[in-house]
Amino acid sequence: MEQFWTVILAGYAVVITLAFLWYLMIRKRQQDRHFYAYQDKILKEQMEEMNGIYMTMRGWRHDYHNHMQTIKAHLEAEQIAEAGGYLDKMEDALEQIDFEYKTGNIGVDAILNSKLSIAKKHEMEVKCDAVLEGEITIPQIDLCVLLGNLVDNAIEACDKMEAGQRKFLRIYMCIRQSQLYISVANATNEVIRKLDKDYISNKRGNHGHGLKRINLIVEKHSGYINRQNEPGVFVTEVMLPL
């Protein structure tokens with residue numbers, strides 16, 4: 001009889017353990033879904049915002065003739081002050097829709113201009129050299145998620161540094177021999193000894209999620225990723241075939 005109850009209790013223990021593990025797995029999946037859904041929402045908003053800017057600029061080009069006719073009319077009527085005022089309004093409007101980083105890709109422009117403006121507000125030295133001329137076959141959402149996480153992680157690493165330490169963020173992007181090359185380097189006070197799955201899994205919060213999602217996108221497109229950590233700097237290189 002005692003052996004019978006021992007088996008029953010052991011069975012209950014196994015069931016409870018499995019139920020708990022199942023609960024943890026479901027909870028993690030829900031957290032991942034919420035995180036990815038939030039990121040996708042932000043990225044879509046940024047892409048829509050940048051697309052709106054492009055459309056506004058196209059509208060300006062379309063209305064160029066009308067603007068010139070108005071200015072000429074003021075000048076012919078010797079209304080110099082009115083012509084100057086009209087030009088000032090045009091300049092103000094153009095400044096509101098201009099953006100600093102122009103790569104040739106709408107989604108990438110949205111990510112860079114949005115996130116690097118945050119980096120500058122956090123008093124980071126920012127250097128960005130990104131030119132994407134040519135066809136990019138990678139889905140826009142994958143490209144934006146990849147770049148967004150790379151920059152987010154770099155900004156987070158700089159934010160963890162102490163006041164007075166030099167904080168910098170360097171981004172380089174180009175197309176080389178039918179491959180998209182991305183390099184993101186940032187200042188850091190971390191010294192990471194092991195850049196493998198253990199490093200990825202030991203990171204918690206948004207940083208850990210970001211690292212995993214970067215890897216998934218690189219794997220999805222049969223790409224290559226290299227992470228290097230040297231004293232004071234962390235570099236991530238990604239190459240994706242086009």
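Looking at 160, 194, 127, 212, which is the one that is at pLDDT 90 or above and charged (D, E, K, R)? Only one candidate passes the filter, namely 127.
Among the residues of this structure, residue 141 counts as one that is over 16 Å from residue 184 (Cα atoms), in a helix (DSSP H, G or I) and assigned by TED's automatic domain parsing to the domain that holds residue 209. The single condition among (1) surrounded by 13 or more Cβ atoms within 10 Å (Cβ to Cβ); (2) touching a residue at least 24 places away in the same chain (Cβ under 8 Å) that residue 117 does not meet is (2).
Checked against the criterion of being part of a helix (DSSP H, G or I), within 30 Å of residue 222 (Cα to Cα) and in contact with a helix residue (DSSP H, G or I) (Cβ under 9 Å, 6 or more places away or on another chain), the range 76-98 has no qualifying residue.
Test each condition in (1) surrounded by fewer than 17 Cβ atoms within 10 Å (Cβ to Cβ); (2) part of a helix (DSSP H, G or I) for residue 162 and report the one that comes out false. Among (1) surrounded by fewer than 17 Cβ atoms within 10 Å (Cβ to Cβ); (2) part of a helix (DSSP H, G or I), the lone unmet condition for residue 162 is (2). Consider residue 154 carefully, then state whether it is part of a helix (DSSP H, G or I), closer than 19 Å to residue 211 by Cα and not polar (S, T, N, Q). When the stated conditions are applied, residue 154 passes them.
Take the conditions (1) surrounded by fewer than 21 Cβ atoms within 10 Å (Cβ to Cβ); (2) out of contact with any Phe, Trp or Tyr (no Cβ under 9 Å at 6 or more places or on another chain); residue 143 misses just one of them, which is (1).
Checked against the criterion of being within 30 Å of residue 140 (Cα to Cα), among the hydrophobic types (A, V, I, L, M, F, W, C) and either at pLDDT 85 or above or not assigned by TED's automatic domain parsing to the domain that holds residue 145 (or both), the range 81-91 has no qualifying residue.
The values are calculated or read from the model by the stated rules, or taken from the named source; none is laboratory data. All values derive from a computational prediction rather than experimental measurement. Cβ atoms come from the backbone with ideal geometry, glycine included; neighbour counts cover every protein chain shown.
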